[in-house]
Amino acid sequence: MSITEQALKVVDSGVSLNRMTEHDLLEVVEIEENSGLSRWGWAAYYAELQGANSNLMFVARIAKSREQERSHSLAGYIVARMGAEELHINNVAVRENYRGRGIGRSLIEMILTEGMSGGAGRAFLELRAGNEAALALYEKCGFRVTARRQKYYSEPVEDALVMIIQLPAIA
C-alpha cells in the first residue's frame, strides 16, 4: 500500500501523518515561526497547496479528546518539491513539546518514500549550520553534508549546510 493510499499513519500514540490541507495553514505558520525557520508565511504554503507539489506536504496530526478540542491539532509538518528527479525538502518542523518522539523522522521517511514513488534519485535539504539537533536527525535518516553555503540565512545571518541522500529506485 502506498503512502497515498494510507488514510493515516500512526507515528506516536495519538499522532498520525496526513496530507496537509488549507485548514492546517494557520498552525503550520505558527509552528514555522516558533521553530526559527526561514519565513514562508501563509500565502506561500497556500500557493504550494494549489501547485503540482501539493502531494509533498504532510502534517503530524494530534488525536484530540473533547477536553483538548481548543488546543493545537498539529505536532509538526514537512513540505517538499520535486524537480529534475530530485526531492528538495524545504521545511520540516515539530512543535517543541513533541520533539524527541520520532515525529520528525517519520515525516522525513514519509516524504522520502513519496519522492522515490515520484522517481527521485536523491533528496536534499539545507539547514542552519548551528542546528545540531536537526543535523543529528538528518544524519540518522541517512543524509550527509555535501556543501556549506555562506550567509545563506538571514535573521540571524548564518551559514547553511547542504545535505543529500541517494534514494533507491522503486521498481
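All of the numbers you see were taken from the coordinates with simple rules; none came from a lab. These numbers come from a predicted model, not from an experiment. Cβ sites come from the backbone with ideal geometry, for glycine too, and all protein chains shown count toward neighbours.
Only the Cβ atoms of Lys and Arg (+1) and of Asp and Glu (-1) were treated as charged; on that basis the dipole of the chain about its Cα centre amounts to roughly 300 debye. Cα-based values for segment 120-171, radius of gyration first and Dmax second, are 12.3, 44 Å. Using the Kirkwood radius over Cα pairs, work out the Stokes-Einstein diffusion coefficient for segment 9-166 at 4 °C and 1.567 mPa s, in µm²/s as a whole number. Here the translational diffusion coefficient equals 81 µm²/s.
What relative contact order, as a whole-number percentage, does segment 9-166 give when Cα pairs under 8 Å and 6 or more residues apart are counted? Don't skip to the answer; put the middle values down first.
Values: 270 pairs, mean separation 29.0, N = 158.
For segment 9-166, the relative contact order is 18 percent.
Each of Trp40, Leu74, Val29 was placed along the dipole of the chain (beta-carbon charges, centred on the mean Cα), and the one lying farthest toward the positive end is Leu74.
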